[in-house]
Amino acid sequence: MRLLARRSRERGMTLVMTMIFIAIFLLMVISLIASSLTSTRVAGNQQLTLEARTMAQQEIERVVSTDFTAAPASAAVARAVDVNGDGKTDYTVNVAQPTCISSTPVYSSNKTIDYSNPQSLEEMSQVALGSNAQTTGIFTTPTGNPNVALRYANNWDVRATVTGGANVELHQGIAVEVPLGTACPS
């Protein structure tokens, strides 16, 4: 009788231990599934953000490939983008009016001047004197100083914001060389 009672208790203990291990394994499986779902969401969000940044960069490139400095207000655009071709707008890209931040001199030491090429010398003379000036084709810097400003660079900020699958704001700095003394347009 004692032997039978002892075996019964051992079987009961085996059942309890088995149930504990099943519960532990079940919790581990649930944890792994939750972790996998979180990783999938993170990857999806990164993809949406990358698509949005790409759309913003594409629209900025479209604006700066034109002469946006002539009429900055007309460079502002809003464009609906359908990424997957289903006929529905996935993103809306807004490029704000480009803003001229500053006008800074560009010095001759930053330019490569080919002194043996008359075309290069004439171009530099035209820049230094103005596009309508008549020159001799001989380029010299005042008192031999190589750090004379030949042109100005207008520094522009072009900003694009994207809404839709992800919200992104992207800024692109652009330097446009202009004739000497040209200030930012107002």
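The values are calculated or read from the model by the stated rules, or taken from the named source; none is laboratory data. Just so it is clear, the model here is predicted, and its values are computed rather than measured. Using ideal geometry, Cβ is built from the backbone for each residue, glycine included, and neighbour counts are taken over all protein chains shown.
Residue pairs whose Cβ atoms lie under 6 Å apart, separated by 6 or more positions or on different chains, with the first residue in region 43-70 and under 18 Å from Asn84 (Cα atoms) and small (Gly, Ala, Ser) and the second modelled with pLDDT under 90 and surrounded by fewer than 20 Cβ atoms within 10 Å (Cβ to Cβ), are Ala52/Ala166. Annotation: of all residues in region 71-102 being buried (at least 17 other Cβ atoms within 10 Å of the Cβ) and not in a loop (DSSP other than H, G, I, E, B), the one that is farthest from the chain's Cα centre (by Cα) is Pro72. Among the residues examined, Ile24 qualifies as part of a helix (DSSP H, G or I), surrounded by fewer than 15 Cβ atoms within 10 Å (Cβ to Cβ) and either at pLDDT below 90 or of a type in the set (Val, Ile, Thr) (or both).
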